[in-house]
Amino acid sequence: MKNLVLLGGGYGNMRIMQRLLPNTLPAEYNITLIDKIPFHGLKTEFYALAAGTESDKDVRVEFPQDKRLNIVYGEVTQIDLEKQIVSIGENHVDYDELVIGLGCEDKYHNVPGAEEYTYSIQTMTKARKTYQAIADLPSGSTVGIVGAGLSGIELASELRESRKDLKIQLFDRGERILPAFPEKLSNYVKKWFDKNDVEVIPNSNVVKVEPGMLYNNDVSYSVDICVWTAGIQPVEIVRNLPVEIGDGNRVKLNQYHQIPTHPNVYVVGDCAALPHAPSAQLAEVQAEQIIDVMKMIWTDKPLPEVMPELKLQGFMGSLGEKEGFAYLMEKTVTGRLARLMKSGVLWLYKYHNG
């Protein structure tokens, strides 16, 4: 039997398993999934876990069950591209084809103290720790959130609804929130924050973090807890692979999503150098193309001279339980409708994967 090994049970590899099992995978193949936790974490919802508005059970779904799917629990410690071996501690798994989807971790931009003294929502384990730290804060405490991208915005708004007794400061590097998108969208989010007493600090440049203190430009801020949402990068084991690395320390691929020097190895999601910012949607769209390429190779069909463009529909974000914002097909949607749309997409995802 041949072995298709999937590293990481994130959005990309979940889509690959969903499409290949039970009937599309060739008869001579098995799939081995390697992951640190025994379920797929809904990373886009970890902000709610950290804020205390959702439980563990709400932000995960089970992995597929199939007689040809072998799930190995553990942390990948080495990827040997030449020997075609993946190591999990002292154990080893051989592969014929490999899909690397190990995701990302926080990028601290060499800010002193950021890694040591801030909390994170990048993994379920870290989001749990962040929740516990926030839950233990007495009334009147200050939570500083560094980074006003989608994760920072959703964490700040969800935390405001969860803990109305806390002071929340959101440090935004830009002149306005989400500067790459229409001003109408930015204004809506800022208005929600103003109405709900979340302080947005624009033009921020955090230069140092200490216990209980955050230094932004030339001003120091007293904070009881600081949560870092100011950038991501591939996990260290991927950054250290002996392959060509592109912007953001992501792996450069050919148009078929393969490592050019090792065409039996694909990279999906946050670890891949792609023409879009990393997202769950991008990982799923890319996974669809990886499946198409695999099927053509398995059936000895020629690969297309040019692969289709990776097309994204847009993005959606929540502002607490009742409001939200979206940018879809170059149109801005705000308010209750946007929140219902996001809830519907999440429900459909759980339905199709649960």
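The values are calculated or read from the model by the stated rules, or taken from the named source; none is laboratory data. Owing to the predicted nature of the structure, the values given are computational and were not obtained by experimental measurement. Glycine gets a Cβ as well: all are built from the backbone with ideal geometry, and neighbour counts include every protein chain shown. Surface areas here come from the heavy atoms of the whole protein model, side chains and all, with no ligands, DNA or RNA. Shrake-Rupley method; radii C 1.70, N 1.55, O 1.52, S 1.80 Å.
Here are the numbers for this structure:
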quantity	calculated
K322 versus E210: modelled label distance in nm, points set 7 Å from Cα along the beta carbon direction	4.3
Three semi-axes of the equivalent ellipsoid, the stretch 53-100, Cα gyration tensor, whole Å, largest first	28, 15, 10
Full-extension gain in nm, S222 to K311, via 0.36 nm per residue minus C-alpha separation	27.7 nm
Identified option (computed mean projected area of the Cα convex hull in nm²; candidates [x] 18.1; [y] 16.8; [z] 26.3)	[x]
The stretch 113-126 - phi-based ³J(HN,Hα) in whole Hz, Karplus 6.51/-1.76/1.60, Gly and Pro as x	x, 5, 5, 6, 10, 10, 9, 9, 10, 6, 10, 5, 4, 5
Carbon and sulfur %, accessible surface of the chain computed with the full protein complex present, 1.4 Å	49
Unit charges at the beta carbon, dipole of the stretch 108-230: most positive-side option, H109, S186, I145	S186
Peptides 105-117, 31-43, 261-273, 164-176 ordered by average Cβ neighbours within 10 Å, highest first	261-273, 31-43, 164-176, 105-117
Under 5 Å, built H, 5+ apart or other chain: amide partners of M213	V223
Highest-fluctuation residue, E82, E330, E288 considered, GNM on the chain with Cα pairs under 10 Å	E82
For the stretch 220-354, average projected area of the Cα convex hull in nm²	12.7
Protection proxy ranking, peptides 198-206, 150-158, average beta carbon neighbours within 10 Å, highest first	150-158, 198-206
Stretch gain in nm, segment Q132-V243, where the contour uses 0.36 nm per residue and the Cα spacing is subtracted	36.1 nm
At 0.890 mPa s and 25 °C, Stokes D of the stretch 108-230 from Kirkwood alpha-carbon radius, µm² per second	170
Accessible area expressed per residue, the stretch 39-163, with surrounding protein chains retained (probe 1.4 Å, Å²)	46
Stretchable slack from T125 to T299, in nm (0.36 nm times residue separation minus alpha-carbon distance)	58.5 nm
